[in-house]
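A short write-up of the structure that comes next.
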Amino acid sequence: MYAFIVYGLNSSATYSEMWKAGLSAVGRGQLEAAQTSGLTNFQAYIHVIIPQAVGVCAPSFCSSTLNMLKNTSLVFLMTVQDITARAKIAAGQQYKYVEGYVDILITYIIVCTILEFIFKLWEKRTTRYKTESQKVTAKEGGVTA
Amino acid sequence: MIEIKGVKKSFGDNHILKGVDLDIKDGEVIVILGPSGSGKTTFLRCISFLEKADEGKWIENGAEIDLHSADKKQIQQLRRKSGFVFQNYNLFANKTVLENVTLGLTVGEGVPKDEAEKRAMEALKKVGMADRANFYPNALSGGQQQRVGIARAVARNPELILFDEPTSALDPEMVGEVLKVMSELASEGVTMIVVTHELDFAKEAATKVVFMDGGNVIEQGPPEEIFVSPTQERTRQFLSRYLPEFTYNI
């Protein structure tokens, strides 16, 4: 329980700082353009600024999420058992350290790869406007055979 | 007819605008000329509330809005009546060309999507960008982006379009295509205020030329007057390259 609170507070500080960086990375001109187009500030954030900031934030969110995942093994210090702790205990009981550590190594690799893949997909989706020259609409079929 | 009165603005001790007045009649094309740092851009930004003026009034049909203390509702109202074209285009990077033009209509004014797209396509046709409707801004050249910027302002049918040095970031070839679009708008009777260094455009398209220096309006009048026989020495100096030369044969 305390572990959740501690990690929640710790990482929310980091994430909010990243959000801030992401939002300020979107140029002031974008907000001004939205304002002069007759949008309110709130509408400008919803339609223009946040969608761009999300793409900017994706890579740093990814790395700090992976970091947090690995850091959670520290919870053993307060007697909470995560997979690292369990593996250590099991390895100690049966005197099979190599097997134990290789097991958690593989587990971490798999979990991290999946997470990374998800974040990559997210980044790709949100920065489409930078990498593609035009939006393919359903009307035009979308698929070039 | 819109009257703008006594616009003042300073950044700290630096007085940028020292009380600028401007009358805008319907269909008028006003070109503001002046050296860099004379407050032309700041003036445009003040009357579109991108910068908060220290003093100043916007008078339209007898209704008066204070540029310094206008509330959010009044600001929103005035902004909906005017369009703004930026020096560095400022197209919404995450939106396609078409979405750039429709966003102000659908989200800002609540126009249904179909109608907004129809109006947007008309505006894009006007500026010759209809074939690029599904492109993202980063795939367009500067001149094309600026034309989309103009379409974005035009599509909402504003009473007044403000141009803030629309050609300053473009190469000479692209300047031509943007100015052509602007001249066409001018001949259609769209009311515009244009800050520019393109004196040829001022000469041909303007109905009124305003010369600013040091935060004041030095001189204003029809282009034939300003470009041929300016009364003020400062204007004469600034336009020296463009004034007709007199040669004397004895």
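Bear in mind these aren't lab numbers, they're just calculated from the coordinates by the rules spelled out. Not measured: the values here are computed from a predicted model. FYI the Cβ positions are ideal-geometry reconstructions off the backbone, even for glycines, and counts take in every protein chain you see.
Assorted remarks:
- Residue satisfying condition, being touching a residue at least 24 places away in the same chain (Cβ under 8 Å), in contact with a helix residue (DSSP H, G or I) (Cβ under 8 Å, 6 or more places away or on another chain), closer than 30 Å to B:Leu91 by Cβ and of a type in the set (Ser, Thr, Tyr), within set A:Ser60, A:Ser37: A:Ser60
- In the set B:Lys180, B:Lys208, only one residue is under 15 Å from B:Val29 (Cβ atoms), out of contact with any helix residue (DSSP H, G or I) (no Cβ under 9 Å at 6 or more places or on another chain) and more than 12 Å from chain A (Cβ to nearest Cβ); that residue is B:Lys180.
- Test: B:Asp213 is within 18 Å of B:Phe43 (Cα to Cα) and not aliphatic (A, V, I, L, M): yes
- The set of residues in region A:86-128 being touching a residue at least 24 places away in the same chain (Cβ under 8 Å) and within 30 Å of B:Asn94 (Cβ to Cβ) consists of A:Cys112, A:Leu115, A:Glu116, A:Phe119, A:Lys120, A:Trp122, A:Glu123, A:Thr126, A:Thr127.
- Verdict on A:Tyr101 being on the phi > 0 side of the Ramachandran plot and more than 11 Å from chain B (Cβ to nearest Cβ): no
- Residue match in region B:147-157 (condition: away from chain A (no Cβ under 14 Å) and small (Gly, Ala, Ser)): no
- Boolean, A:Leu39 is within 14 Å of chain B (Cβ to nearest Cβ), closer than 27 Å to B:Phe49 by Cβ and in a loop (DSSP other than H, G, I, E, B): yes
- Positions within region B:94-128 being of a type in the set (A, V, I, L, M), within 21 Å of the chain's Cα centre (by Cα) and within 13 Å of another protein chain (Cβ to nearest Cβ), in sequence order: B:Val97, B:Val101, B:Leu103, B:Leu105, B:Ala120, B:Ala123
- Failed item in (1) in contact (Cβ under 8 Å) with a residue 24 or more places away in the chain; (2) away from chain B (no Cβ under 14 Å); (3) assigned to a helix (DSSP H, G or I), with A:Val80 passing the rest: (3)
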